[in-house]
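Shown next, in structure tokens, is the structure this report addresses.
The values are calculated or read from the model by the stated rules, or taken from the named source; none is laboratory data. All values reported here derive from a predicted model rather than from experimental measurement. Heads up, the Cβs are rebuilt from the backbone with ideal geometry, glycines too, and the neighbour counts pull from every protein chain shown. These area figures cover heavy atoms from the full protein model, side chains too; ligands, DNA and RNA do not enter into them. Shrake-Rupley method; radii C 1.70, N 1.55, O 1.52, S 1.80 Å.
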Amino acid sequence: MNRTPVVGLTTYLERAKQGVWDVRASFLPQQYFDAVTASGASAVLLPPQPRPEQAADAVLDGLDGLILTGGLDVQPELYGAERHPTTDPARADRDAWEIALLAGARERGIPVFGICRGLQLINVAMGGTLHQHLPEALGTERYRVGGGVFADNVVEVDAGTRLAGLVGAGDLTVHSYHHQGVDRVAEGLRVTARTDDGLVQAVELPGDDYLVAVQWHPEENAEDRRLFLGLVAAAARYRAERSDHHQEVSA
């Protein structure tokens, strides 16, 4: 029986209140999993686990795709930098969890899609570094206006890339909400989009393995599911190939 691909989305464990309850809970804005389900996949939430490497091995066996979602800053200690005063307090549980998930997904060939923090986490996990505060590094507040309002920015997508195959080459208006960004690009990653100030806005992994990451928030544009459709299509292919391999082994 065919089923839709299963896509996992990383989350925080956050304090949440409901009625008389005041507890820590898995938290992710609905826009993320709406974008996944509207693109033809089933969405599952992946909160941090106490033994990340062991848990990632178990969780990834049931996934066809992985989305590293947006959120607070990656720990600068992971890329050998001193903490900037504006950098968010460390969330070591999520950093360790996502690094383990990313490593396991790459080992298995599971398609990966990174969003905002997700792009930064991928770059750091693969050996790159970040600007901790773009207003200081680039002299601009254009990427985070604050107050929960997404800024509009124009990125230029390089032709001949996987990203261009999804959204087209050339100028693309995107929704931004971040104060950090890529500084040194990790070895092996290809930059596929920038803004006119040179800031990296998207990366991907060359070759057959599907890894696409963007600095913006495509889940905020309900009229454009192209990046989610691309991830779900890759997840469906991964699931079909895994099923074919299982049948061959069983025969």
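Show the residues, 5+ positions off or on another chain, whose built amide H is closer than 5 Å to the amide H of residue 68.
Here the answer is 113, 114, 115, since their amide H atoms fall under 5 Å of that of residue 68.
With a cut-off of at most 14 other beta carbons within 10 Å, and DSSP calling the residue loop, which trypsin sites (Lys or Arg not before Pro) in region 1-101 qualify? Please list them.
Sites meeting the loop and neighbour criteria: 3, 83.
When the accessible area of the chain is computed with all protein chains present and a 1.4 Å probe, what percentage of it is carbon and sulfur?
50 percent
Decide, for region 73-123, between rounded, prolate and oblate: order the square roots of the alpha carbon gyration tensor eigenvalues as a ≥ b ≥ c, take rounded if a/c falls under 1.5, and otherwise choose prolate if a/b is larger than b/c, else oblate.
Verdict is prolate for region 73-123.
Can you classify region 21-62 as rounded, prolate or oblate using the Cα gyration tensor, where a ≥ b ≥ c are the square roots of its eigenvalues, rounded means a/c under 1.5, and otherwise it's prolate if a/b beats b/c and oblate if not?
Oblate is the answer for region 21-62, as a/c is 1.5 or above yet b/c matches or exceeds a/b.
Take the alpha-carbon centre of region 1-76, take the same for region 144-189, and report the distance between them in whole Å.
For region 1-76 versus region 144-189, the Cα centre distance is 23 Å.
Loop-only check: which GluC sites (Glu not before Pro) in region 137-223 are DSSP coil with at most 14 other Cβ within 10 angstrom?
Sites meeting the loop and neighbour criteria: 141, 187, 223.
Per Stokes-Einstein, at 4 °C and 1.567 mPa s, what whole-number D in µm² s⁻¹ belongs to region 34-134, with the Kirkwood radius over Cα pairs as the hydrodynamic radius?
The Stokes-Einstein estimate is 91 µm²/s.
Could you pull out the trypsin sites (Lys or Arg not before Pro) across region 181-220 that fall in loop regions by DSSP (anything but H, G, I, E, B) with no more than 16 other Cβ atoms inside 10 Å?
Answer by residue number: 184.
May I ask you to compute the full-extension gain from residue 42 to residue 93, defined as 0.36 nm times their residue separation minus their alpha-carbon distance, rounded to one decimal in nm?
Contour length minus the Cα-Cα distance gives 15.9 nm.
Could you give the Stokes-Einstein D for the chain in µm² per second, using the C-alpha Kirkwood radius, 20 °C, 1.002 mPa s?
Estimated via Stokes-Einstein, D reaches 115 µm²/s.
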